[in-house]
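Colleague: Pasting in a structure now, in structure tokens, and then I'll have a few things to ask.
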Amino acid sequence: MPSRVSPDREGLDAQRQEVAHALAGYLQKKKRKPTSEIQIYADRIRSGEHDDFMRQISFALQDQSHLIMADLGGEPAEAQSPEIPTLLLMHDANVQHKTASSRRGQQRARQDSNIVLAALDQMAVSQKEESFVTIPEPYPPCTAPLESLEVIKLSQLTTETHHRGEALFIERIGPLIVTSILTLGAVKDVDGDAEAIEIYHADPHLADMLPASTLFFLKEPFLTRGASGKSVIRVDHPADIVGIDNLPKSLSSIASDQSATLTALEWKEIGNGYFTKQEYFKAGQAYQSALKAGAEDKLLLDVSRNLARVELALGRYEKARTNALAAISNDESDPNLKALDVKAYFRAASASYQLRHWAQCEADLRKLLALSPNNDDGVRLLGRVQARLSEQKRGVYDFPQLLKRLSRQQPRVDIADFTKRTLIGSSKGRGRGLFAAEDITLGELILVEKAFVATFEWESTTSSTKVYDVRPKKFDGFPAALWQGTVQKLQHTPPQTVAEISCLTGRYSGLGSKTLKVDGSQVVDAFQIHDIIAANAFAIPSPAKTKRTEAFGVMKTILPAGADPTKAMDIPDNCAFFSHASLVNHSCLPNATRMFIGDAMVLRATKNIAKGEEILHAYVLPSFGVTERQMRTETVWGFRCDCKLCEAESEESEEVRGRRAAAEGEAGRLANDIVTHLADAAQRSNIIRQAERLYARLKGTFDLALYEGLPRAGMTPIQAALAQVYCLRGEQSRCRTMIVDAFDCLGWTLSLHKAGGEAGDLLSPKAGHQTRVCEEMVGLLATACRVLRESKKDRKLAEQMRELARTIYIALNSVENGIEKMDAELDASKKTASLPLR
Ligand SMILES: C[S@@+](CC[C@H](N)C(=O)[O-])C[C@H]1O[C@@H](n2cnc3c(N)ncnc32)[C@H](O)[C@@H]1O
């Protein structure tokens, strides 16, 4: 039985049998009589139905299926298949979705508030138990102003219908229950008819925005089956909810409540009371009411300044800046007003800093310091913003210091982006891409970017959530907190940034890059953001892992997020997404490599890149075989790579690829043993001969004409191990030959004959194809340095190898931390030192 399932049609029949067999085997092993549903499910697989998620079932099972199969053959199986329950959930979700769709357009039954409220708790429990959310067929947010919609009652709603051109005017009743990324509640209309409501990506202050008994509008409502299987009104787009605070003038009579009876001063006092209690949302509402009540002159300035402070606390930086500027009197004759202007400028500057508008922040601070040159807060913030401006301009960062400051409490960095070395352009067959705006040398920074949103597993219980997506009928893990955080942040983001992010690739294009403010809210299409995240999110290591770069060894590059199709639910819990870096396209022969420091991505050149060349990194590591690489890129990102490496590998027969995979596995294991016990291995000729035979066997699997100029990465571990052994045995010539050969296999020409002008001159990419640098190169160069030091005339060359190793180390790690270990080992006893090359 093959351990990997090939996705082509031909193999499907055999796979179907295998999966059905595996499922039956699993049940047999568990001595469980198949429930009728499982039986039906297995039968359907067997008979060829369900082809659409056949592949997923295979993927889900493939890791376990060999164990299950072994079990059927009488071998004791160690693991049980955790995927079976997932398969069954997927099956249920499918059935429920089909049932719901068949009810489209049916009349809704009238319900009493008590019935709906009684069901609410039960709905929350079942949602928690199942703990997955369904993504329906995407539908757009309402872009029509409220005034243009016809108000309807709950009784007019029909099932599985989007009520376009209509709006509900409803009252919230009972509690709001937050489960994963959705908030459950209940509403009733003027007739006392009630219904449950499910709000996705709700504003974190929803309970304050819509306290119980508050009336609000819901634009273009959608009645559907909820997560619990019961009927609910589902709200996916936050802007579809319009509170009566936000009503357009023509409808404002609805909101004529007690706000008219209090004075602006009274509202300000109420706001201050809330502010003292740190109830910022309510404080903000009270200050808004003070403005509506006609605050004037000094009161207007005070309220605006206070509102700016509240908006800063709520993370609504654009509004914070607008209010701070509205609070400036420009009256320098009155020392009190002047002092208050200093405060307002500081709030404006703080908002600009958070918006990452560095030049604007500096300008705000200059105005502040003109009024009060020694203002401590102003001077301090000016220092920070000048550091950001310098990072943005020069791309100089104190990476070791940034790493040192990272912790679970502080996983984000305070830095500016450095993107000016790249330009957005069109990449043939790949959509948009990033291109070098100037020549970039191996090891240099290409870009540094802080994530638009980053989420860390310990910050949220919903960092990843199981999701059933009705479009591909796919049940998978999804970085739900990142999705929710992004939808929420976009509500309060300047339109230009919203447009930039909305331009990113996603299967469903929704509103595209159109930015719209309707009824006081930024309209964000939650489904569009879902698909953008699916195609553009990156998995990021936790700070603890990032700090491991301080040890000698190169941090593992982690694949971009998006469910790995070979492992359902295998999604990383720390995720981020970047507006600029997301534009980098894939190649198995990349010229860039990335690493993360907290929530920042650092992209470096792994070869010399000429101005105008496209920047490419590997979404999937080239060390996977071509079948696996293409299956991954197709499933997650919807494209098939057509690089030279994929082309060459595709031309090879299955037999050759299989032979190579087997030899690579054996060679990798032996190389690992050798470098772990290097001194011992160097003494044992039989091990050396075995390694040499394996090396030759592996080499023999490559057709050199087909691989002309292309890397053969699988050879590196055994070559590196042999180079070290030769070095330790004093076999200088063989060691040099092996190192040069190893570089050749990686796609580089390394000159080990005479010192060049610069260390970099000794290494050049082979003609024809792009190449990449990898961690093993550092070890190979260190071995080269050691072997060259043995000969007096090669001392200069030895030091150049060391320098080259350092350049590559930094290209891969971004920090020098840890390289000193290599230096120390090189300087220690020449004979006994061993380098950790793994
Ligand atoms: C992270 S985005 C990269 C930016 C994207 N090209 C754009 O225009 O927004 C990933 C998407 O780019 C495209 N892409 C990336 N690398 C590609 C490649 N080697 N060949 C074809 N399409 C590619 C695919 O559409 C993929 O889903």
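Colleague: Taking one equal scatterer on every alpha-carbon of the range 652-827, how large is log10 of I(q)/I(0) by Debye at q = 0.13, 0.15, 0.16, 0.19 1/Å?
Modeller: Calculated log10 I(q)/I(0) at the listed q: -0.65, -0.87, -0.99, -1.34.
Colleague: A further question follows. Hey, what did the range 652-827 get for relative contact order, percent, Cα under 8 Å, at least 6 apart? Spell out each step's value before the answer.
Modeller: Details: 218 pairs, mean separation 30.5, N = 176.
Reported relative contact order: 17 percent.
Colleague: log10 I(q)/I(0), Debye, Cα-only the range 407-548, no solvent, q = 0.10, 0.13, 0.15, 0.20 Å⁻¹?
Modeller: -0.43, -0.74, -0.98, -1.41
Colleague: Order the following by accessible area, largest value first: PHE578, PHE346, PHE281. Probe radius 1.4 Å; ligands, DNA and RNA are ignored. It would help to have the intermediate numbers written out before the result.
Modeller: Values: PHE578 0, PHE346 60, PHE281 20 Å².
The most accessible residue leads, giving PHE346, PHE281, PHE578.
Colleague: Once you have the Cα-Cα distance between HIS205 and ARG684, take 0.36 nm times their residue separation minus that, and quote the gain in nm to one decimal. Don't skip to the answer; put the middle values down first.
Modeller: Working: separation 479, 0.36 × 479 = 172.44 nm, distance 6.95 nm.
Result for the pair: 165.5 nm of gain on full extension.
Colleague: If you project the alpha carbons of the range 678-752 onto the principal axes, what extent comes out on each, in Å, largest first?
Modeller: Principal-axis extents of the Cα atoms in the range 678-752, largest first: 37, 26, 15 Å.
Colleague: For every other residue with a beta carbon closer than 11 angstrom to the beta carbon of VAL190, add +1 if it is Lys or Arg and -1 if Asp or Glu, then tell me the sum. Before the final figure, lay out each step's value.
Modeller: On the way: positive: LYS153, LYS188; negative: GLU171, ASP189, ASP191, ASP193.
Local net charge: -2.
Colleague: Order 132-142, 387-397 from most to least packed using the mean count of other Cβ atoms within 10 Å. Mind showing how you got there, number by number?
Modeller: On the way: 132-142: 19.7, 387-397: 15.9.
Going by the mean number of other Cβ atoms within 10 Å, highest first, we get 132-142, 387-397.
Colleague: Let me ask something else about it. Given the alpha-carbon gyration tensor of the range 118-194, what are the semi-axes of its equivalent ellipsoid in whole angstrom, ordered largest first, with each equal to the square root of 5 times an eigenvalue? Intermediate values should be presented prior to the final figure.
Modeller: Details: eigenvalues 126, 63, 24 Å².
Semi-axes, largest first: 25, 18, 11 Å.
Colleague: Further, regarding this structure: How high is the FRET efficiency from GLU647 to ASP377, r the C-beta distance, R0 60 Å, rounded to 0.05? If you can, show how the numbers build up before the last one.
Modeller: Details: r = 60 Å, r/R0 = 0.99.
Using R0 = 60 Å, I get an efficiency of 0.50.
Colleague: May I ask for the distance between the Cα centers of the range 674-721 and the range 390-412, given as a whole number of Å?
Modeller: 40
Colleague: Oh, and also: How much of the pair distance distribution for the range 634-728 lies past 21 Å, counting alpha-carbon pairs only, in percent? Intermediate values should be presented prior to the final figure.
Modeller: Working: 1871 of 4465 pairs.
Tail of P(r) above 21 Å: 42 percent of Cα pairs.
Colleague: Measuring from centroid to centroid over Cα atoms, what is the spacing of the range 274-326 and the range 600-638 in Å?
Modeller: The range 274-326 and the range 600-638 have Cα centres spaced 47 Å from each other.
Colleague: Can you tell me which of 297-304, 735-742, 589-596, 427-434 comes out highest on packing, and rank the rest after it, using the mean Cβ neighbours within 10 Å? All intermediate terms of the calculation are to be shown ahead of the outcome.
Modeller: Numbers: 297-304: 18.4, 735-742: 22.1, 589-596: 24.2, 427-434: 15.0.
Peptide ranking by packing, descending: 589-596, 735-742, 297-304, 427-434.
Colleague: Largest first and in whole Å, what are the equivalent-ellipsoid semi-axes of the range 328-379 based on the Cα gyration tensor, each being the root of 5 times an eigenvalue?
Modeller: Details: eigenvalues 76, 22, 14 Å².
Taking √(5λ) for each eigenvalue gives 20, 10, 8 Å, largest first.
Colleague: Tell me, what is the FRET efficiency for LYS277 and ASP245 to the nearest 0.05, using R0 = 22 angstrom and their Cβ-Cβ distance as r?
Modeller: Numbers: r = 20 Å, r/R0 = 0.91.
Efficiency computed from Cβ-Cβ geometry: 0.65.
Colleague: Separate question: Explain nothing, just the number: relative contact order of the range 258-389, from Cα pairs under 8 Å at least 6 residues apart, as a whole percent.
Modeller: 16
Colleague: Determine the principal axes of the Cα atoms in the range 258-389, then give the extent along each, sorted from largest to smallest and rounded to whole angstroms.
Modeller: Here the Cα extents, ordered largest to smallest, are 49, 33, 21 Å.
Colleague: Below 12 angstrom from the Cβ of SER148, what's the summed charge of the other residues (Lys, Arg +1; Asp, Glu -1)?
Modeller: Values: positive: ARG164, LYS219; negative: GLU147, GLU150, GLU166, GLU220, ASP519.
Neighbourhood net charge equals -3.
Colleague: Can you tell me how much longer the chain between LEU265 and ARG412 gets when fully stretched, taken as 0.36 nm per residue apart minus their C-alpha distance, in nm with one decimal? Intermediate values should be presented prior to the final figure.
Modeller: Values: separation 147, 0.36 × 147 = 52.92 nm, distance 4.01 nm.
Contour length minus the Cα-Cα distance gives 48.9 nm.
Colleague: Sum up the charges of everything whose Cβ sits under 9 Å from the Cβ of LYS766, counting Lys and Arg as +1 and Asp and Glu as -1, but leave LYS766 out. Write down the numbers at each step before the final one.
Modeller: Values: positive: none; negative: GLU708, ASP744.
Result for the local shell: -2.
Colleague: Hey, another quick one. How far apart, in nm, are the 7 Å Cα→Cβ label points at THR676 and GLU457?
Modeller: That separation, rounded to one decimal, is 2.6 nm.
Colleague: Using the basic label-point model (7 angstrom from Cα toward the beta carbon), what is the SER733 to GLU708 distance in nanometres?
Modeller: Going by the 7 Å Cα→Cβ label model, 3.1 nm.
Colleague: Suppose the chain between LEU516 and ASP297 were pulled fully straight at 0.36 nm per residue; how much longer would it get relative to their current alpha carbon spacing? List each step's numbers first, then the result.
Modeller: Details: separation 219, 0.36 × 219 = 78.84 nm, distance 3.26 nm.
Gain in length upon complete extension: 75.6 nm.
Colleague: Size of the dipole of the range 310-389 about the Cα centre, Lys and Arg at +1 and Asp and Glu at -1 on the beta carbon, nothing else charged, in debye to 20? It would help to have the intermediate numbers written out before the result.
Modeller: Details: 12 positive and 10 negative charges, 77 e Å.
So the magnitude is around 380 debye.
Colleague: Once the mean 1/r over all distinct Cα pairs of the range 113-248 is inverted, what Kirkwood radius in angstroms do you read off?
Modeller: Details: mean 1/r = 0.0673 Å⁻¹.
About 14.9 Å for the range 113-248.
The values are calculated or read from the model by the stated rules, or taken from the named source; none is laboratory data. Bear in mind that the values here come from a model prediction, so they are computed numbers and not experimental data. Cβ sites come from the backbone with ideal geometry, for glycine too, and all protein chains shown count toward neighbours. These area figures cover heavy atoms from the full protein model, side chains too; ligands, DNA and RNA do not enter into them. Shrake-Rupley method; radii C 1.70, N 1.55, O 1.52, S 1.80 Å.
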